[in-house]
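Visitor: Quick one: structure below, then a few questions.
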Amino acid sequence: MNDTLPNNPQHVLSWTWEQYQPYVEDLLSQDIHADNVHQYLADWTRLAELWDETEARLYIATALDTASEEAQQAFELFLDSIYPESQAADQKIKEKFLASGLEPQGFEIPLRNLRSQAELFREINLPLLTQESKLANEYDKIIGAQSVMWGTEEKTITQMIPIYQDSDRAVREKAWRLAFNRQLDDREVINELWGKFLVT
């Protein structure tokens, strides 16, 4: 069935979990044996990579435009509805493969890693991981919104970094203080955010 899985992650950015589910069920329903194990692993890898690529693209969209509510909502929808389900499904597929007892040649190290991952997995941690990703994204949004006026130009804090290399010490100091004071303006909100991280 995985041959119907879109090759381009762009086509699945708005997928619901119900659209992914048939591919998961197909992998969970298959018998794994020596003749099909390589194809099984390839199909599983393709599905897992699609989840990873989708998450990465949605996250990057929020980083490129920290003010975009649409990008933020799409990323959070993925974190809420796809991420926990995909991680739980991946664990079930992992357990099924490990239970087969098959050890494909040259797969010793990945197999060792899979065993460790399966042992460490706890479904109870998934909401915590989701919340952590949301808080990290909120931090990026705060940092991404930080900008200062340098002369007649508005610059982000990152864009100020090359000025710190200026040969004139007074220019370097002025640039650094300007950026530092702007960062201090967000001290309270960032401290509050770190507090949420600790609770999580």
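Visitor: Restricting the stretch 49-107 to residues that are in a helix (DSSP H, G or I) and touching a Lys or Arg at 6+ places or on another chain (Cβ under 8 Å), which is nearest to Val37 (Cα to Cα)?
Guide: Leu98
Visitor: Does Ser133 satisfy being surrounded by fewer than 14 Cβ atoms within 10 Å (Cβ to Cβ), of a type in the set (Gly, Ala, Ser) and assigned to a helix (DSSP H, G or I)?
Guide: no
Visitor: Kindly provide the set of residues from the stretch 49-107 that are among the small types (Gly, Ala, Ser), closer than 16 Å to Pro9 by Cα and surrounded by 15 or more Cβ atoms within 10 Å (Cβ to Cβ), ordered by number.
Guide: Ala61, Ala71, Ala74, Ser86
Visitor: Still on this structure: Take the residues in the stretch 180-192 that are in a helix (DSSP H, G or I) and touching a residue at least 40 places away in the same chain (Cβ under 8 Å); name whichever of them is farthest from the chain's Cα centre (by Cα).
Guide: Going through the qualifying residues, I end up with Val189.
Residue-wise test of (1) hydroxyl-bearing (Ser, Thr, Tyr); (2) over 24 Å from Trp194 (Cα atoms).
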| position | (1), (2) |
| --- | --- |
| Ala34 | no, yes |
| Thr45 | yes, yes |
| Leu50 | no, yes |
| Ile60 | no, no |
| Tyr83 | yes, no |
| Phe107 | no, yes |
| Leu111 | no, yes |
| Lys134 | no, no |
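Visitor: Determine if the stretch 12-31 includes at least one residue that is assigned by TED's automatic domain parsing to the domain that holds Glu103, more than 28 Å from Tyr59 (Cβ to Cβ), part of a loop (DSSP other than H, G, I, E, B) and modelled with pLDDT of 95 or more.
Guide: yes
Visitor: Just to be sure I understand the filter: pairs with C-beta atoms under 7 Å, separated by 6 or more residues or on different chains, first member in the stretch 165-179 and touching a residue at least 24 places away in the same chain (Cβ under 8 Å), second member in a helix (DSSP H, G or I) and surrounded by 10 or more Cβ atoms within 10 Å (Cβ to Cβ). Which pairs pass?
Guide: From residues that are touching a residue at least 24 places away in the same chain (Cβ under 8 Å), the pairs are Ala175/Met160; Ala175/Ile163; Ala175/Tyr164; Ala179/Ile157; Ala179/Met160.
Visitor: Yes or no: the stretch 146-162 includes at least one residue that is part of a helix (DSSP H, G or I), within 30 Å of Asp65 (Cα to Cα) and in contact with a helix residue (DSSP H, G or I) (Cβ under 7 Å, 6 or more places away or on another chain). Talk me through it step by step, then tell me what you get.
Guide: Of all residues in the stretch 146-162, those part of a helix (DSSP H, G or I) come to 157-162.
From the residues that got through so far, the ones that are within 30 Å of Asp65 (Cα to Cα) too are 157-162.
Add one more test, that the residue is in contact with a helix residue (DSSP H, G or I) (Cβ under 7 Å, 6 or more places away or on another chain), and what stays is 157, 160.
Yes - at least one qualifying residue is present in the stretch 146-162.
Visitor: Determine if the stretch 187-195 includes at least one residue that is outside the structural domain of Lys94 (by TED's automatic domain parsing) and in contact with a Leu (Cβ under 7 Å, 6 or more places away or on another chain). Quick ask: steps written out before the conclusion?
Guide: Keep residues of the stretch 187-195 that are outside the structural domain of Lys94 (by TED's automatic domain parsing), which gives 187-195.
Subsequent filtering for residues that are in contact with a Leu (Cβ under 7 Å, 6 or more places away or on another chain) retains 193.
Checking the stretch 187-195: at least one residue is outside the structural domain of Lys94 (by TED's automatic domain parsing) and in contact with a Leu (Cβ under 7 Å, 6 or more places away or on another chain).
The values are calculated or read from the model by the stated rules, or taken from the named source; none is laboratory data. All figures in this text were calculated on a predicted structure; none of them were measured in a lab. All Cβ positions, glycine included, derive from the backbone under ideal geometry; neighbour counts span all protein chains shown.
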